[in-house]
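These notes are about the structure you will find just below.
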Amino acid sequence: MPLPLSVPDLLNRHRPADDRERADAERVRALLAAGGDPWQRALPLHLTATAVIVHPESRRVLLRRHPRLGSWLLVGGHGDPGETDPLAVVLREGREETALTDLVPWPDGELAHIAVVPVPASDREPAHEHADLRFVLATGTPEAVRPEHPGAELRWAGVDEARGLVVEENVRETLSRVRPLLEG
């Protein structure tokens, strides 16, 4: 596994694909410059880490049905207190949400996409935003996938099928960035 990289290091190594991603990366930089713990869920904008899990051999990606939002999303989420390495966060979250124990950064552990996304209010928290740092993880055992609970369905699909299932444009964009990796 690659050595841990700090969020600023990951941002400096990443080349945003368009103006929207450049603006989102600048919002992440501003969040970091504000000081404090950027992973703290109480902040109106806080860091999250998600991933497209792929099975390179079959060229499929894994989607997770988000129970509260009722839509197909990526695997991952919030850091636990004290966590600062986004890749470690998404690997932990990925294992918890899928039961896949062989997840590894693929092809290289670099950021695939940065997206600031709105999260609607719930009965537990007000509306807020996630500054989502997105990676690609791979598994060699897709048949071992198991949802963490019955409402969190998991589904393997080709990239085009996955893009058709996803309603959020920012997730479709992430999936588009994974396609060339699987076709290469």
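Things worth noting here:
- On Cα atoms only, tilt of 86-98 relative to the major axis of the chain in degrees: 40
- Amide H contacts under 5 Å for W39, placed H, 5+ residues apart: L47
- When shorter helices are ignored and each DSSP H run of at least 4 residues is given -39500 (n - 2.57), the per-residue value for the chain at 222 nm works out to -9500 deg cm²/dmol.
- Probe 1.4 Å, protein heavy atoms only - accessible area per residue of the chain in square angstrom: 49
- Alpha-carbon spread of the range 72-124, three principal axes, descending order, Å: 36, 28, 23
- Put simply, the Cα atoms of the range 7-183 extend 43, 37, 29 Å along their principal axes, the longest span coming first.
- When the trypsin sites (Lys or Arg not before Pro) in the range 38-90 are filtered for DSSP coil states and for at most 15 other beta-carbon atoms within 10 Å of their beta-carbon, the remaining sites are R41, R59, R68.
- Degrees separating the helix 169-183 axis from the principal Cα axis of the chain, which is the longest one: 50
- On the principal axes of its alpha carbon atoms, the range 1-52 extends 31, 28, 23 Å, with the longest extent given first.
- Ranked by how many other beta carbons lie within 10 Å on average, peptides 73-83, 137-147 from highest: 73-83, 137-147
- Proximity of backbone amide H atoms, modeled 1.01 Å from N, is registered between T84 and no other residue at under 5 Å, excluding neighbours fewer than 5 places apart on the same chain.
- A DSSP coil position with no more than 14 other Cβ atoms inside 10 Å describes the following GluC sites (Glu not before Pro) in the range 1-79: E57.
- Sulfur and carbon atoms: percent of accessible area, the range 7-183 [1.4 Å]: 51
The values are calculated or read from the model by the stated rules, or taken from the named source; none is laboratory data. What you are looking at is a predicted structure, and each value in this text was computed from that prediction instead of being measured. Note that each Cβ is placed from the backbone with ideal geometry, even for glycine, and that neighbours are counted across all protein chains shown. The protein model used for the area step is the full one, side chains on, heavy atoms only, and it has no ligands, DNA or RNA in it. Shrake-Rupley method; radii C 1.70, N 1.55, O 1.52, S 1.80 Å.
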